[in-house]
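Novice: Submitted below is the structure of interest, expressed as structure tokens.
The values are calculated or read from the model by the stated rules, or taken from the named source; none is laboratory data. Quantities reported herein were computed from a predicted structural model and do not represent experimental measurements. FYI the Cβ positions are ideal-geometry reconstructions off the backbone, even for glycines, and counts take in every protein chain you see.
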Amino acid sequence: MRPSGVDRDARPVGSRAGAQQPSASTGKDEAPRQADTFETQTKEGTKVSDFLIWVGVDWGSEAHQVCAMDGSRKVIFETSVPHSGEAISKLAKRLLKLGSVETIAVGIETPRGAVVETLLEHGIAVFALNPKQLDRFRDRHTVGGAKDDRRDAFVLADSLRTDLHAFHRVRIGPAELVELRELSRTRDELTAERIAIGHRLREQLNRYFPQILLLGSVYESRWLWELLEMAPTPAAATKLSTSKLRLLLKRYRIRKVTADEVRDVLRSEPLHVAPGVVPACERHVRLLVPRLRLVDDQKAVVEKEIEALVRSLSAEEGKAEHRDAQLLQSLPGLGTLGCATMLSEAWEALQSRDYHVLRSLCGAAPITKQSGKTRVVLMRRACNPRLRFTLHHWVGIAVNRDVFWKARYATMRAAGKSHNRAVRALGDRLLAVLCAVLKSGVPYDGTRLQKQAA
């Protein structure tokens, strides 16, 4: 039985199920296509011939569509599994009834979540596929562009059967790194939320009270938030005495402006607006400032928890991730928060010391498009955005604070490279140094790089 709408002629050409036609040419960045995937091995060393049951799971927020087939492409069963602990556990037990745990492979788009973790807990092999790749595999089965949950589950199972090398084996990281990843992502969410609220606050102040924006950043200046609570309108601001302003600046240890300068700014001529604008904006500002302060407080708490967890990882001995935390923090410019992101988002690449995977995840590996005499090298877009952001700031701090990397940046700029090109090249070089440090087990020593450069 096939899902409705799946073309009957979608079976791959070949004398046996799973056979593939070799491609005309294989680029350096592509995994070579195999003539018979049943006799190949995955990157993790598992023989494809060990798997006899192929399962596709189309993940959903309320229910998950599942399709299981055997090696001859015969659908064993199709079902919809509600998103509940009992239903997902029943699915795992039902799969185990089809064969031994070593013979079952499950394909899914998302590499995390309750479905993935439950299946892994039962010992079932789970493989993840990028949604963009699934879209390409779907074109094998229909040229009309039809799409539904049953079809996606079927395509996942069939693609896993024929193209296992295109999937990534999912593994659960150590508990400390799972916790660190959630804390790091929570911090990023709070940072984005603080920026969004800050945008709204700035927009309101621009409508009726723009002079206060000259005193500091509404995104992170806590003393400015308290000043807005004390005087949310230009009329109220003119009544603030110099002594109150002096106490406010002293409490927050602000030295870049004086009380007299703040008073002069607040007493400058206000904007002339329509009647009712100032009271309306004032109410909005009084609602935004407490929300901004709350998000900032939560962000500070999360950052302290991240620092404490990274510190505990660095202090403990006996585990690879603990030693890696020590080595990562020895690199110039990475810092505690950057170390947390690298450890949590790229733990598999760091554990295997795989430089090529790491540079692809961080977006440092370029993309080459070549056809005939045309050859174009582009920046990699398909990467982990959190790792790309971390690498970008890592390079910026290293260039500002480390003599060696500052000189390398200056050399590239003098050679005519753009700022972004130089940052990507230095980021790639830093990742190579990172892998070398992890392989050697010796903390970073900048003098060795200076001697090699000399």
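Novice: Taking only pairs six or more apart or across chains, which ones have beta-carbon atoms under 8 Å, a first residue in the stretch 179-202 that is farther than 21 Å from CYS281 by Cβ, and a second residue that is assigned to a helix (DSSP H, G or I) and among the small types (Gly, Ala, Ser)?
Specialist: Listed pairs, sorted by first residue: LEU180/ALA340; LEU180/SER344; ARG181/SER344; LEU183/ALA340; SER184/ALA340; SER184/SER344.
Novice: List the number of the failed condition for MET342; all other conditions in (1) over 30 Å from VAL170 (Cβ atoms); (2) in contact with a Phe, Trp or Tyr (Cβ under 9 Å, 6 or more places away or on another chain) hold.
Specialist: (1)
Novice: Something else about it: Would you mind telling me which numbered condition in (1) out of contact with any Pro (no Cβ under 8 Å at 6 or more places or on another chain); (2) under 19 Å from VAL75 (Cα atoms) ARG151 fails?
Specialist: Evaluating ARG151 over (1) out of contact with any Pro (no Cβ under 8 Å at 6 or more places or on another chain); (2) under 19 Å from VAL75 (Cα atoms) leaves (1) as the failure.
Novice: Among the residues of the stretch 184-196, which ones are of a type in the set (A, V, I, L, M, F, W, C) and surrounded by fewer than 20 Cβ atoms within 10 Å (Cβ to Cβ)?
Specialist: ALA192, ILE195, ALA196
Novice: On the given criteria, is LEU160 at pLDDT 90 or above and within 24 Å of the chain's Cα centre (by Cα)?
Specialist: Criteria not met by LEU160.
Novice: Taking the condition small (Gly, Ala, Ser) and at positive phi, does GLY416 pass?
Specialist: Against the criterion (small (Gly, Ala, Ser) and at positive phi), GLY416 qualifies.
Novice: Just for helices (runs of 4 or more DSSP H) wholly inside the stretch 101-219: which have at least 2 residues that are closer than 30 Å to VAL265 by Cα?
Specialist: The qualifying helices (runs of 4 or more DSSP H) are 175-208.
Novice: Identify all residues within the stretch 116-149 that are among the β-branched types (Val, Ile, Thr) and touching a strand residue (DSSP E or B) at 6+ places or on another chain (Cβ under 6 Å); write none if there are none.
Specialist: VAL116, ILE124, VAL126
Novice: Is there any pair with a first residue in the stretch 55-78 that is closer than 9 Å to ASP158 by Cα and outside the structural domain of PRO131 (by TED's automatic domain parsing) and a second that is modelled with pLDDT under 95 and not hydroxyl-bearing (Ser, Thr, Tyr) whose Cβ atoms are under 8 Å apart and which are 6 or more apart or on different chains, and what are they?
Specialist: none
Novice: Quick check on this structure: which one of ARG353, ARG359 is surrounded by 13 or more Cβ atoms within 10 Å (Cβ to Cβ) and either under 16 Å from the mean Cα position of the chain (by Cα) or of a type in the set (Ser, Thr, Tyr) (or both)?
Specialist: Answer to the check: ARG359.
Novice: Sticking with this structure for a sec: Going by what's in this entry, would LEU334 be described as under 19 Å from PRO443 (Cα atoms), surrounded by 14 or more Cβ atoms within 10 Å (Cβ to Cβ) and not polar (S, T, N, Q)?
Specialist: yes
Yes or no, residue by residue, for (1) among the hydrophobic types (A, V, I, L, M, F, W, C); (2) under 30 Å from PRO174 (Cα atoms); (3) touching a helix residue (DSSP H, G or I) at 6+ places or on another chain (Cβ under 9 Å):
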{"site": "GLN370", "(1), (2), (3)": "no, no, no"}
{"site": "VAL376", "(1), (2), (3)": "yes, no, no"}
{"site": "PRO385", "(1), (2), (3)": "no, yes, no"}
{"site": "ILE397", "(1), (2), (3)": "yes, yes, yes"}
{"site": "TYR409", "(1), (2), (3)": "no, no, yes"}
{"site": "GLY427", "(1), (2), (3)": "no, yes, yes"}
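Novice: Can you name every residue in the stretch 220-238 that is under 15 Å from ASP296 (Cβ atoms) and in a loop (DSSP other than H, G, I, E, B)?
Specialist: GLU220, SER221
Novice: For the stretch 113-170, which residues satisfy the criterion of being crowded, with 22+ Cβ neighbours inside 10 Å and free of Cβ contacts under 8 Å to residues at least 40 places away in the same chain?
Specialist: If the condition is that a residue be crowded, with 22+ Cβ neighbours inside 10 Å and free of Cβ contacts under 8 Å to residues at least 40 places away in the same chain, then LEU119, LEU129 are the ones that fit.
Novice: Consider PRO366 carefully, then state whether it is under 23 Å from ARG424 (Cα atoms) and in contact with a Lys or Arg (Cβ under 7 Å, 6 or more places away or on another chain).
Specialist: yes
Novice: Residues CYS339, CYS383: which one is in the same structural domain as ASN420 (by TED's automatic domain parsing), surrounded by 14 or more Cβ atoms within 10 Å (Cβ to Cβ) and under 20 Å from LYS439 (Cα atoms)?
Specialist: Testing whether each residue is in the same structural domain as ASN420 (by TED's automatic domain parsing), surrounded by 14 or more Cβ atoms within 10 Å (Cβ to Cβ) and under 20 Å from LYS439 (Cα atoms) leaves just CYS339.
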